[in-house]
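Trainee: Structure provided below as C-alpha cells; questions to follow.
The values are calculated or read from the model by the stated rules, or taken from the named source; none is laboratory data. All values derive from a computational prediction rather than experimental measurement. Quick reminder, even Gly has a Cβ in these numbers, built from the backbone with ideal geometry, and neighbours come from all protein chains shown.
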Amino acid sequence: MATRKERQKPFLLPQLCKGCARCVETCAKHCIELGTEINPETGLTPVILHLENCSACGLCVDACPEPYGLRDSPSAEEFELQDPAKMFGERGSTAPRAVKIPDEQIHLPPLSPMVLKGNYASAVGALLAGCRHVFGYPITPSTEGAELMAKLLPELSGVFVQAVSEVATVNMMYGCGGAGLPCMTYTSSPGFSLMLEGLSYMIGAEVPGVFVNIMRGGPGLGNIAPEQSDIKLACRGLGHGNTHAIVLTPSTPQEMLDLTMLAFELTFKYRNPVVILGDGYLGQMTGKVVLPQTMTKPGIPEWAVYGDARHRGNLINSIYLAEADLEAHNAHLDAKYARMAAEQRADLYQCDDASVLLVACNTPARMAKGAVGALREQGVKAGLFRPLTLWPFPVERLKPILPHVSRIVVVEASSGGQLEDELRLALSHAGIRNAPDIESVRRSGGVLPQQSEIVAGVLGGTHRPIPAFVARQEMTV
Ligand code: SF4
Ligand code: SF4
C-alpha cells in the first residue's frame, strides 16, 4: 500500500527568495518574518524562518511563487539546485534552432460587398489577417473597433482584454507580440500618447503589433472631433531612443480594411510595430467595402517566445547595458529602418500633367480630391498626391511628377502643419533642390478644410482660415 509522503518543515534558499512576503501572510503559526538583510547575490531581502512552532502544513511552500525559493525537502544538502536559466532547456547558440511555422492562406468564398463604418472595416481586416488578440478600452472616436472585437473574438477562440490603462494595453501587446501572435489595439490621440514608452520598448525588442490611432483634436484632452494631430508623434516621436515605425494613412473604409491587413503583414515582415493613423470622421464614416479572396491563418515565427519546446531557446528584451552593445543594436535598427524605407506607398490622382499639386491624406484628401475636379473646371491643372505611408514618406513616387509642378499646396487638419513638415523633411532628405513653392490650407480643432476653401486657397494663394461656423455649415451640405 502506498504511503502518503510526509510533509517536511520548509527550508529556504535565500538567493532565490524575492521577499514578496506571500509565505509570511500564509503562515498561521507566525514562523516566517520579513528579512532585514539584503542578499548580496541578488540585491533582494529574503525572509527569515523560525520553525520552532512549525506544523509542517506546507501552506507556505504552496504560496511561494518561486519554484525553488521555499522547499519542503528535508535539507538543503538533499536538494539538487538547478540553474533557473537552464530550467526550460539550453539557451543561446547551443540550443536547437527554433522552427518557423509558416502562415497559411485560406481561400474565401465569393462574398458580396459590405457597407461598413471605418472602425468596423479595420476590425474585419484585422480578423482576416489572423489577429485574435486585442487589448484596449473605449476611447472616442475609435471605440467601435474594440467593441466589435470584444463581441467577435470570444466566438473565434480569441481574446479581448479591456485593459485597465493605456500603459497596461501596450505592455500586454509587448507580451503577446513577443509570443509571435498577431495583436493590436484601437486608441485615439491622448491614449496613443500614453502608450509611447511601451512602443519604444516594443521597437527596441523588435516585437510586432498594430496600433490603430483614430486621431482627434489636441493638444491636451482637446475634443473628440477629427484632427490630424498625431502625424508628428507617429512619424518623429514614438517614445525615447532610436525609434521608427511604418505609418499608414487610409482615407476610406475600404482602405481601413486593406491597410489594416497590410499592417499585420508589415509588422511581422520587419518585427516592428506599425501605426495606422485614421481621423475621427474616417473611423465613423460608412462606405462600401469589398472583402479579399483570402484570409491568413498565422504561423509562429522562429524568434517567438512562444513557450513550447521548439522556441524555448528564444529571448526577447530591449536592454543592452554595455554601451557598445547598445550602439550595435541601434546600428542594427538603423539598417532595418533603411529596408523599411522601401515600403513607400501613395495614390496619385490626375498628377500626370499637374502644375498645382495638392498633398493630403486621411479625410482631408477627400475634400482635396473634390477640389482637383473643381479647379480643373476652372482651367487649373491640379492633381492630388495622397501618401498612404507617412513614414516612410513616399518621396520616390513624388519625384517623377515634380518637374512639371510649379506649386504644392498641402491640405491638412492640423494647425502646426504636421503633414507639411513631413513633406519638407522628405524633400530635404532626398536632396531635392529647387522644389516648388509650398503653400498650405489648414484647419484644426475638429474643423476640416472644405473643398471651397481649398479652391480659394489655390486661386488666391496661401489660405487664411475662415470662421469656424462657416465651415461647419458647409460640412452639413
Ligand atoms: S509549513 Fe506551515 S507552519 Fe511551517 S512555516 Fe510553513 S506555513 Fe508556517
Ligand atoms: S513566498 Fe517565496 S519568494 Fe516570497 S518571501 Fe516567501 S520564500 Fe521568498
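Trainee: Looking at region 259-286 only, could you name the residues that are surrounded by fewer than 17 Cβ atoms within 10 Å (Cβ to Cβ) and either within 22 Å of K117 (Cα to Cα) or among the basic types (K, R) (or both)?
Mentor: Passing the criteria: K269, T286.
Trainee: Select from region 6-20 the residues that are among the aliphatic types (A, V, I, L, M) and either farther than 19 Å from L34 by Cβ or within 8 Å of ligand 2 (Cβ to nearest atom) (or both) and list them in ascending order.
Mentor: Residues satisfying the conditions are L12, L16.
Trainee: Here is a further query. All but one of (1) away from ligand 2 (no atom under 14 Å from the Cβ); (2) surrounded by 14 or more Cβ atoms within 10 Å (Cβ to Cβ) hold for V24; state the number of the condition that does not hold.
Mentor: Every listed condition holds for V24 apart from (1).
Trainee: Can you name the residue in region 17-29 that is away from ligand 1 (no atom under 11 Å from the Cβ) and closer than 21 Å to A56 by Cα and, of all such residues, is nearest to the chain's Cα centre (by Cα)?
Mentor: Start the filter on region 17-29 by keeping residues that are away from ligand 1 (no atom under 11 Å from the Cβ), which leaves 17-21.
Still in the running and closer than 21 Å to A56 by Cα: 17, 19-21.
Details: C17: 36, G19: 35, C20: 33, A21: 36 Å.
Filtering region 17-29 for residues that are away from ligand 1 (no atom under 11 Å from the Cβ) and closer than 21 Å to A56 by Cα, the one nearest to the chain's Cα centre (by Cα) comes out as C20.
Trainee: Does region 30-45 hold any residues that are surrounded by 15 or more Cβ atoms within 10 Å (Cβ to Cβ), in a loop (DSSP other than H, G, I, E, B) and either basic (K, R) or within 15 Å of ligand 1 (Cβ to nearest atom) (or both), and which are they?
Mentor: Hits for region 30-45 are C31, G35.
Trainee: Right, another one. Would you be able to tell me the number of residues in region 350-371 that are surrounded by fewer than 17 Cβ atoms within 10 Å (Cβ to Cβ) and free of Cβ contacts under 8 Å to residues at least 60 places away in the same chain?
Mentor: Selection size over region 350-371: 3.
Trainee: At pLDDT below 90, within 16 Å of ligand 1 (Cβ to nearest atom) and part of a loop (DSSP other than H, G, I, E, B), is that true of Q8?
Mentor: yes
Trainee: Any chance you could count how many residues in region 114-128 are within 11 Å of F264 (Cα to Cα) and either buried (at least 24 other Cβ atoms within 10 Å of the Cβ) or not assigned by TED's automatic domain parsing to the domain that holds Q254 (or both)? Give the steps one after another, and end with the answer.
Mentor: Of all residues in region 114-128, those within 11 Å of F264 (Cα to Cα) come to 125-128.
With either buried (at least 24 other Cβ atoms within 10 Å of the Cβ) or not assigned by TED's automatic domain parsing to the domain that holds Q254 (or both) added as a condition, the list becomes 125-126.
Total meeting the criteria: 2.
Trainee: Another question about this same structure. Return the only residue of I438, I432, I401, I408 being buried (at least 20 other Cβ atoms within 10 Å of the Cβ) and not assigned by TED's automatic domain parsing to the domain that holds I224.
Mentor: None of the others qualify; the one that does is I408.
Okay, residues lined up against (1) assigned to a helix (DSSP H, G or I); (2) in the same structural domain as M256 (by TED's automatic domain parsing); (3) buried (at least 22 other Cβ atoms within 10 Å of the Cβ); (4) basic (K, R):
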site	(1), (2), (3), (4)
E144	yes, yes, yes, no
L148	yes, yes, yes, no
L153	yes, yes, no, no
V170	yes, yes, yes, no
P190	yes, yes, no, no
I203	yes, yes, yes, no
P208	no, yes, yes, no
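Trainee: Right, here's the next one. Can you pull out every residue in region 314-337 that is aromatic (F, W, Y) and either assigned to a helix (DSSP H, G or I) or loosely packed, with under 14 Cβ neighbours inside 10 Å (or both)?
Mentor: Taking region 314-337 as the starting set, the residues that turn out to be aromatic (F, W, Y) are 320, 337.
Matches in region 314-337: Y337 only.
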